[in-house]
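Comments concern the structure below.
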Amino acid sequence: AHTEARSKALVLRLDGRSFAEIAKVLGLSRQRVQQILSPLKAVRERIVSAAQGRCQRCGVLVGPSGHIHHRQAKGAAADDYNDVANLKFLCLSCHRLEHSYGPNVPKHIETIARRRQPRAAPDVEVGE
C-alpha cells in the first residue's frame, strides 16, 4: 500500500501538484504525503553531510534539522526526484524564499531575510 501511495503521489507531484492537493486526492494528511515523498534517510544524511550542516543558500548552521529542497519537482523524471543532484539543504527561511521566489529572490527581500537569521548568543561570563 505504501509503494502504491508513493507512486501515485509522485506522479501528482511531478505534475506540479502541492502536498495539500495530493493529500486530498489520496485521502492522506499533507504531512504524510511529505513523508512518503521525502528522500531515503541515507540520501538525506548524505545531503546534510555534504553541506556540513549549513544552509546551502545563506550558510547559517542548522545541523541535521535543515530542510531538503527539491531543485526541480514539476516536470522532473520520477527517477531524478530524490536524486542527490536534485536536492539542496536549506534553513527554514531560505526554503520559504525558494518556494516563494525560486532562485531569483529580489535583493530587498534577500536583505530582510538575512537580518532575520538566528544569531549565536554572545559569550557572557558568569558574574557579569
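How far, in nm, would the chain grow between Arg30 and Ser65 when pulled straight, counting 0.36 nm per residue and subtracting the alpha carbon separation? Don't skip to the end; give the middle numbers.
Working: separation 35, 0.36 × 35 = 12.60 nm, distance 1.94 nm.
Taking Arg30 through Ser65 to full extension adds about 10.7 nm, to one decimal.
Work through the residues other than Asp15 whose Cβ is under 13 Å from its Cβ and net out their charges, Lys, Arg +1 and Asp, Glu -1.
+3
If each of Cys58 and Lys8 carries a label point 7 Å out from its Cα toward its Cβ, how far apart are those two points in nm?
3.8 nm
Amide H to amide H under 5 Å from Leu87: which residues, 5+ apart in sequence or cross-chain, H placed 1.01 Å off N in plane?
Arg71
As a test question: what accessible area, to the nearest 10 Å², does Cys91 have when a 1.4 Å probe is rolled over all protein chains in place?
My reading of the accessible area for Cys91 is about 10 Å².
Please calculate the 1.4 Å probe accessible area of Glu21, with all protein chains present, and give it to the nearest 10 Å².
Only protein atoms counted, so the area is about 90 Å².
Pull up all non-local amide H partners of Val62: gap of 5 or more, or a different chain, and H-to-H distance under 5 Å with H placed in the peptide plane.
HN-HN under 5 Å from Val62: Arg54, Cys55.
The values are calculated or read from the model by the stated rules, or taken from the named source; none is laboratory data. Nothing here was measured: the structure is a model prediction, and the numbers come from that model. FYI the Cβ positions are ideal-geometry reconstructions off the backbone, even for glycines, and counts take in every protein chain you see. Note: accessible area is taken over every heavy atom of the protein model, side chains too, but ligands, DNA and RNA are not part of it. Shrake-Rupley method; radii C 1.70, N 1.55, O 1.52, S 1.80 Å.
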